1. Show that you can apply the helix-only estimate: for the chain, add -39,500 (n - 2.57) for every DSSP H stretch of four or more residues, divide by all residues, and state [θ] at 222 nm to the nearest 500.
2. How would you rank 65, 57, going from fewest to most other Cβ atoms within 10 Å of each one's own Cβ?
3. Can you tell me the length gained on complete extension of the stretch residue 19 to residue 32, counting 0.36 nm per residue apart and subtracting the Cα distance?
4. Springs between alpha-carbon pairs under 10 angstrom, Gaussian network model over the chain: which of 54, 44, 19 fluctuates most?
5. Taking Cα atoms, how many degrees apart are the long axis of helix 22-35 and the longest axis of the chain, rounded to 10 and kept between 0 and 90?
6. Where does each of 22, 45 land when they are ranked from fewest to most other beta-carbon atoms within 10 angstrom?
7. Which of (1) 16.4; (2) 12.3; (3) 19.2 is the computed Kirkwood radius over Cα pairs in Å for the structure on display?
8. Tell me, what is the percent relative contact order of the chain, built from C-alpha pairs under 8 Å that lie six or more residues apart?
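Laboratory data are not the source of any read-out in this text; all were calculated from the coordinates shown. None of these values were measured; they are calculated from a predicted model. Cβ placement follows ideal geometry from the backbone for every residue including glycine, while neighbour counts extend to all protein chains displayed.
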């Protein structure tokens, strides 16, 4: 579970290209979301993707619950 994973090029634009434990990948994505003010102010569970996150999520917005599914598709063990 704590084995480092390799982010895809698209995810690497958000979290960096170094291998990281999955928990740190998620943490860095949240840091990016918060620092770029990408949470919907009316519904904090909704993430409004900027250009970098659209490449990871494949759409303009996702819920925080969907986010992990999209991130999983962008990491390799």
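1. On the way: 4 runs with 37 residues, N = 77.
Value at 222 nm, helices only: -13500 deg cm²/dmol.
2. On the way: 65 8, 57 20.
Going from sparsest to densest Cβ surroundings: 65, 57.
3. Details: separation 13, 0.36 × 13 = 4.68 nm, distance 1.74 nm.
Answer, rounded to one decimal: 2.9 nm.
4. 44
5. 30
6. Details: 22 17, 45 12.
Starting with the residue having the fewest Cβ neighbours, the order is 45, 22.
7. Of the listed options (1) 16.4; (2) 12.3; (3) 19.2, (2) comes from this structure.
8. On the way: 106 pairs, mean separation 25.8, N = 77.
Worked out over the chain, it gives 34 percent.
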